[in-house]
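The values are calculated or read from the model by the stated rules, or taken from the named source; none is laboratory data. All values derive from a computational prediction rather than experimental measurement. Note that we place each Cβ from the backbone using ideal geometry, even for glycine, and neighbour counts take in every protein chain shown. Only protein heavy atoms, including side chains, enter the accessible area calculation; ligands, DNA and RNA are left aside. Shrake-Rupley method; radii C 1.70, N 1.55, O 1.52, S 1.80 Å.
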Amino acid sequence: QRNKLQRDWSTARLAALGLVGALYTAPMFHFFYEWLELTIPTTIGKRAVSAQVALDQLVAAPLFLVGFFPVLAVLEGRPLVSWRKQVWDSLKLAWLIFPPFQLVSFAFLPAKTRVLVINVLDLGYNVALSLFAHRDGE
(Lines give C-alpha, C1' and ligand atoms only; values in the text may rest on other atoms or scores of the structure.)
Protein backbone atom coordinates (compact mmCIF):
# COMPACT_ATOMS: atom_id res chain seq x y z
CA GLN A 1 0.00 0.00 0.00
CA ARG A 2 2.78 2.45 0.90
CA ASN A 3 4.67 1.77 -2.35
CA LYS A 4 1.51 2.45 -4.35
CA LEU A 5 1.01 5.76 -2.53
CA GLN A 6 4.62 6.74 -3.20
CA ARG A 7 4.27 5.74 -6.86
CA ASP A 8 1.00 7.67 -7.29
CA TRP A 9 2.17 10.79 -5.46
CA SER A 10 2.91 13.60 -7.86
CA THR A 11 4.71 16.74 -6.77
CA ALA A 12 3.85 18.32 -10.13
CA ARG A 13 0.14 17.63 -9.59
CA LEU A 14 0.30 19.09 -6.09
CA ALA A 15 2.09 22.20 -7.41
CA ALA A 16 -0.46 22.61 -10.23
CA LEU A 17 -3.38 22.29 -7.81
CA GLY A 18 -1.72 24.83 -5.53
CA LEU A 19 -1.35 27.26 -8.42
CA VAL A 20 -4.94 26.73 -9.51
CA GLY A 21 -6.02 27.44 -5.96
CA ALA A 22 -3.90 30.56 -5.59
CA LEU A 23 -4.41 32.06 -9.05
CA TYR A 24 -7.91 30.93 -9.98
CA THR A 25 -10.01 29.52 -7.14
CA ALA A 26 -9.13 31.91 -4.31
CA PRO A 27 -9.59 35.15 -6.28
CA MET A 28 -12.77 33.92 -7.97
CA PHE A 29 -14.52 32.93 -4.77
CA HIS A 30 -13.17 35.86 -2.76
CA PHE A 31 -14.71 38.34 -5.16
CA PHE A 32 -17.82 36.26 -5.76
CA TYR A 33 -18.64 35.99 -2.04
CA GLU A 34 -17.89 39.68 -1.56
CA TRP A 35 -20.25 40.55 -4.44
CA LEU A 36 -22.86 38.12 -3.12
CA GLU A 37 -22.91 39.70 0.32
CA LEU A 38 -23.13 43.22 -1.15
CA THR A 39 -25.91 42.21 -3.54
CA ILE A 40 -27.95 39.99 -1.19
CA PRO A 41 -26.92 40.72 2.40
CA THR A 42 -27.59 37.78 4.69
CA THR A 43 -28.61 40.26 7.38
CA ILE A 44 -32.00 40.59 5.66
CA GLY A 45 -33.06 37.08 6.57
CA LYS A 46 -33.52 33.44 5.63
CA ARG A 47 -34.55 34.15 2.04
CA ALA A 48 -31.29 35.98 1.48
CA VAL A 49 -29.33 33.00 2.80
CA SER A 50 -31.29 30.65 0.53
CA ALA A 51 -30.73 32.95 -2.45
CA GLN A 52 -27.00 33.07 -1.74
CA VAL A 53 -26.77 29.27 -1.55
CA ALA A 54 -28.76 28.95 -4.79
CA LEU A 55 -26.49 31.43 -6.62
CA ASP A 56 -23.40 29.76 -5.18
CA GLN A 57 -24.46 26.31 -6.35
CA LEU A 58 -26.23 27.13 -9.62
CA VAL A 59 -23.96 29.91 -10.91
CA ALA A 60 -20.58 30.00 -9.17
CA ALA A 61 -19.98 26.24 -8.86
CA PRO A 62 -20.59 25.43 -12.55
CA LEU A 63 -18.57 28.45 -13.72
CA PHE A 64 -15.72 27.49 -11.43
CA LEU A 65 -15.64 23.90 -12.64
CA VAL A 66 -15.84 24.83 -16.33
CA GLY A 67 -12.62 26.78 -15.81
CA PHE A 68 -10.94 24.49 -13.28
CA PHE A 69 -10.26 21.45 -15.45
CA PRO A 70 -8.86 23.32 -18.48
CA VAL A 71 -6.69 25.55 -16.27
CA LEU A 72 -5.35 22.50 -14.42
CA ALA A 73 -4.63 20.69 -17.70
CA VAL A 74 -2.71 23.68 -19.05
CA LEU A 75 -0.66 24.05 -15.85
CA GLU A 76 0.18 20.34 -15.93
CA GLY A 77 1.07 20.45 -19.62
CA ARG A 78 -1.67 17.96 -20.50
CA PRO A 79 -3.87 18.20 -23.58
CA LEU A 80 -7.30 19.74 -23.21
CA VAL A 81 -9.37 16.58 -23.46
CA SER A 82 -13.10 16.44 -23.05
CA TRP A 83 -13.78 17.67 -19.55
CA ARG A 84 -17.59 17.70 -19.62
CA LYS A 85 -17.89 14.43 -17.68
CA GLN A 86 -15.36 15.70 -15.14
CA VAL A 87 -17.41 18.88 -14.68
CA TRP A 88 -20.69 17.01 -14.36
CA ASP A 89 -19.31 14.43 -11.87
CA SER A 90 -17.66 17.18 -9.83
CA LEU A 91 -20.81 19.30 -9.86
CA LYS A 92 -22.94 16.41 -8.61
CA LEU A 93 -20.46 15.87 -5.78
CA ALA A 94 -20.48 19.60 -4.97
CA TRP A 95 -24.27 19.58 -4.81
CA LEU A 96 -24.13 16.77 -2.26
CA ILE A 97 -21.50 18.40 -0.06
CA PHE A 98 -21.81 22.16 -0.21
CA PRO A 99 -25.48 23.23 0.13
CA PRO A 100 -25.89 22.21 3.81
CA PHE A 101 -22.47 23.58 4.66
CA GLN A 102 -23.16 26.84 2.80
CA LEU A 103 -26.54 27.27 4.52
CA VAL A 104 -24.75 27.25 7.87
CA SER A 105 -21.86 29.33 6.57
CA PHE A 106 -24.02 32.06 5.03
CA ALA A 107 -26.42 32.12 7.98
CA PHE A 108 -23.93 32.22 10.86
CA LEU A 109 -20.43 33.18 9.73
CA PRO A 110 -19.30 36.74 9.16
CA ALA A 111 -18.74 37.39 5.46
CA LYS A 112 -15.01 38.04 6.03
CA THR A 113 -14.39 34.54 7.40
CA ARG A 114 -16.45 32.46 4.95
CA VAL A 115 -13.79 31.83 2.31
CA LEU A 116 -11.30 30.70 4.97
CA VAL A 117 -13.79 28.29 6.56
CA ILE A 118 -15.00 27.02 3.17
CA ASN A 119 -11.37 26.32 2.22
CA VAL A 120 -11.20 23.71 4.98
CA LEU A 121 -14.02 21.76 3.32
CA ASP A 122 -12.43 22.44 -0.07
CA LEU A 123 -9.31 20.50 0.90
CA GLY A 124 -11.25 17.26 0.71
CA TYR A 125 -13.23 18.38 -2.33
CA ASN A 126 -10.00 19.27 -4.16
CA VAL A 127 -8.73 15.74 -3.62
CA ALA A 128 -11.88 14.53 -5.41
CA LEU A 129 -11.35 17.08 -8.21
CA SER A 130 -7.79 15.87 -8.66
CA LEU A 131 -9.01 12.28 -8.85
CA PHE A 132 -11.66 13.26 -11.43
CA ALA A 133 -9.04 15.14 -13.46
CA HIS A 134 -6.67 12.13 -13.46
CA ARG A 135 -9.23 9.34 -13.57
CA ASP A 136 -7.86 7.81 -16.76
CA GLY A 137 -4.35 7.52 -15.36
CA GLU A 138 -3.11 10.78 -16.87
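Results, tabulated for the structure shown:
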{"quantity": "Residues (over 28 Å from residue 78 (Cα atoms) and basic (Lys, Arg)) located in region 89-138", "calculated": "112, 114"}
{"quantity": "Set 51, 60: member being without any contact (Cβ under 8 Å) to a residue 40 or more places away in the chain and open to solvent by less than 30 Å² (accessible area, probe 1.4 Å)", "calculated": "60"}
{"quantity": "Filter pass, residue 94 being at pLDDT below 90, of a type in the set (Gly, Ala, Ser) and either surrounded by 18 or more Cβ atoms within 10 Å (Cβ to Cβ) or farther than 15 Å from residue 28 by Cβ (or both)", "calculated": "no"}
{"quantity": "Number of positions in region 100-118 that are open to solvent by 30 Å² or more (accessible area, probe 1.4 Å) and in contact (Cβ under 8 Å) with a residue 24 or more places away in the chain", "calculated": "4"}
{"quantity": "Some residue of region 19-38 being farther than 21 Å from residue 125 by Cβ, open to solvent by 90 Å² or more (accessible area, probe 1.4 Å) and either outside any helix (DSSP H, G or I) or modelled with pLDDT under 85 (or both)", "calculated": "no"}
